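The values are calculated or read from the model by the stated rules, or taken from the named source; none is laboratory data. Bear in mind the structure is a predicted one, so any value in this text is a computation, not a measurement. Note that each Cβ is placed from the backbone with ideal geometry, even for glycine, and that neighbours are counted across all protein chains shown.
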Amino acid sequence: MRDLAAELADIERQGLHRSRRLLDSPQGAHVRVDDRDYLSFCSNDYLGLASDPRIAEAAAESIRHFGLGAGASHLVSGHHRIHDDLERALAKFVGLPRALLFSAGYLANLSVVTILAGRSSDVFADRLNHASLNDAMILSRAKCKRYAHCDLAALESMLAGSDAADKIVVTDAVFSMDGDIAPLSGIARLCERYGAWLVVDDAHGFGVLGAKGAGALTHFGLDSAHIAYVGTLGKAAGVSGAFVAGSEQLIELLIQCARTYIYTTASPPPLAAALMKSVEIMQSEDWRRERLVDLAARLSRRLELRNWRLAASQTAIQPLIVGENSETVRLSDALATAGILVPAIRPPTVPKGSARLRISLSAAHTEADVDLLIETLQRVEASIS
């Protein structure tokens, strides 16, 4: 029998123990956590929409008219008209024929990969993909092959050497712990050349990349019937859930066969109503994406440190590479003492020896917020050195 206490003690010894903080305010750049006020660089609320009163009012209005719970799965009696309206709006937004809602991005990735891949398939995955994509390819029972991060030559070599009946390439669009963007144009060309499906998890790009925030496919100008696009609705969109967009046939196959869709209660209709308003705001308020670009450039330009390195990233995710687990935790704790929340990210979320602070920027931040983070990091470094 497993010794759970020993396993937990080992996690503690490795500096990998994690604790939950209690949030007592709306999500935003400034939050109240554990009875204290902080400047936060913790959330994925990239556009500052999580506490937007217009979105909250859309949800409240829906509750007043239709209640809260969906009451059943989509295929029984839980598919409300607002769900259908949102799917149509999302498909139009990202420029694909059809979209399908899921309760979470994890469920969306599990569905699309296991539907496209099976025992006779080869799945090719970037080594830094999100855990949901890794779990999905294992559950598919396909042969799993992981290529070096963003390495097109390695991917092509694997594709050329595959004689599988079906080939599927899966990749994040924006990598969640590094903030870099996958070379999707090159990956799409390889998929076309070798007859492979491309699954793009755009959890951190939807709402941020591309014209009006339409996402990574628009950013790269990609259009193919053999792309499955996964967008997350709990990050830049500020609400909850996810969607898969693609061809009519792909979406219909998911409806008929995807287990995480069929056997899950539909998300509450008020969330769909909130997301309808969120999609409207994302498309009309370009200043939010423009501010993110400006803040990322400001941080990169002004932050000067001797011992730690800000990784190259043009997105809202700005990783500060520290290296050693305990030092990373000490740095995060020192910032928290100074009133700034930045999470310490450690293995297995990132490779061993690359523990980091994951600085998440938001359109809700100001230049003064970023300057305070810079000044505090430089002061903390001087005190720790």
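Could you grab me the full set of residues in region 46-61 that are in a loop (DSSP other than H, G, I, E, B) and buried (at least 17 other Cβ atoms within 10 Å of the Cβ)?
If the condition is that a residue be in a loop (DSSP other than H, G, I, E, B) and buried (at least 17 other Cβ atoms within 10 Å of the Cβ), then Tyr46, Leu47, Gly48, Leu49, Ala50, Asp52 are the ones that fit.
Suppose we filter region 215-235 for residues that are buried (at least 24 other Cβ atoms within 10 Å of the Cβ) and either in contact with an Asp or Glu (Cβ under 8 Å, 6 or more places away or on another chain) or not hydrophobic (A, V, I, L, M, F, W, C) (or both); how many remain?
8
Among (1) buried (at least 20 other Cβ atoms within 10 Å of the Cβ); (2) assigned to a helix (DSSP H, G or I); (3) of a type in the set (D, E, K, R), there is one condition Arg301 misses while meeting the rest; what is its number?
That leaves (1) as the condition not met.
If you scan region 253-296, which residues turn out to be over 23 Å from Gly67 (Cβ atoms), charged (D, E, K, R) and surrounded by 16 or more Cβ atoms within 10 Å (Cβ to Cβ)?
Selection gives Glu285, Arg288, Arg289, Arg291.
Working carefully through the options Leu159, Leu107, find the one that is modelled with pLDDT of 95 or more, assigned by TED's automatic domain parsing to the domain that holds Val239, surrounded by 16 or more Cβ atoms within 10 Å (Cβ to Cβ) and over 22 Å from the mean Cα position of the chain (by Cα).
Answer to the selection: Leu159.
Mind listing whichever residues of region 72-92 are closer than 12 Å to Tyr263 by Cα and in a helix (DSSP H, G or I)?
Within region 72-92, His74, Leu75, Val76, Gly78 qualify.
Check whether at least one residue in region 136-154 is surrounded by 17 or more Cβ atoms within 10 Å (Cβ to Cβ) and farther than 20 Å from Cys191 by Cα, and report yes or no.
Checked region 136-154: no residue is surrounded by 17 or more Cβ atoms within 10 Å (Cβ to Cβ) and farther than 20 Å from Cys191 by Cα.
Search region 289-306 for residues being farther than 21 Å from Leu341 by Cβ and of a type outside the set (A, V, I, L, M), and hand back the single one that is nearest to the chain's Cα centre (by Cα).
The selected residue is Arg289.
Per-residue answers, yes or no, for (1) at positive phi; (2) buried (at least 16 other Cβ atoms within 10 Å of the Cβ):
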{"position": "Phe124", "(1), (2)": "no, yes"}
{"position": "Leu128", "(1), (2)": "no, yes"}
{"position": "Ala165", "(1), (2)": "no, no"}
{"position": "Asp178", "(1), (2)": "no, yes"}
{"position": "Arg193", "(1), (2)": "no, no"}
{"position": "His204", "(1), (2)": "no, yes"}
{"position": "Gly207", "(1), (2)": "yes, yes"}
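Looking at region 334-377 only, could you name the residues that are assigned to a strand (DSSP E or B) and of a type in the set (Gly, Ala, Ser)?
Ala344, Ala355, Ser360
When you go through (1) modelled with pLDDT of 95 or more; (2) surrounded by fewer than 21 Cβ atoms within 10 Å (Cβ to Cβ); (3) not hydroxyl-bearing (Ser, Thr, Tyr) one by one for Leu100, which number turns out not to apply?
(2)
Evaluate the following for Arg259: is it outside the structural domain of Ile168 (by TED's automatic domain parsing) and out of contact with any strand residue (DSSP E or B) (no Cβ under 6 Å at 6 or more places or on another chain)?
Criteria not met by Arg259.
Among the residues of region 175-186, is any closer than 27 Å to Ser362 by Cα, part of a helix (DSSP H, G or I) and in contact (Cβ under 8 Å) with a residue 60 or more places away in the chain?
There is no residue in region 175-186 that is closer than 27 Å to Ser362 by Cα, part of a helix (DSSP H, G or I) and in contact (Cβ under 8 Å) with a residue 60 or more places away in the chain.
Quick check on region 33-45. Is at least one of its residues of a type in the set (A, V, I, L, M) and loosely packed, with under 12 Cβ neighbours inside 10 Å?
Within region 33-45, not a single residue is of a type in the set (A, V, I, L, M) and loosely packed, with under 12 Cβ neighbours inside 10 Å.
If you check Ala363 against the conditions, is it touching an Asp or Glu at 6+ places or on another chain (Cβ under 8 Å), assigned by TED's automatic domain parsing to the domain that holds Asn307 and either polar (S, T, N, Q) or modelled with pLDDT of 90 or more (or both)?
So Ala363 does not fit the description; no.
Checking Val123 against (1) touching a residue at least 60 places away in the same chain (Cβ under 8 Å); (2) under 19 Å from Val230 (Cβ atoms), which single condition isn't satisfied?
Against the list (1) touching a residue at least 60 places away in the same chain (Cβ under 8 Å); (2) under 19 Å from Val230 (Cβ atoms), Val123 comes up short only on (1).
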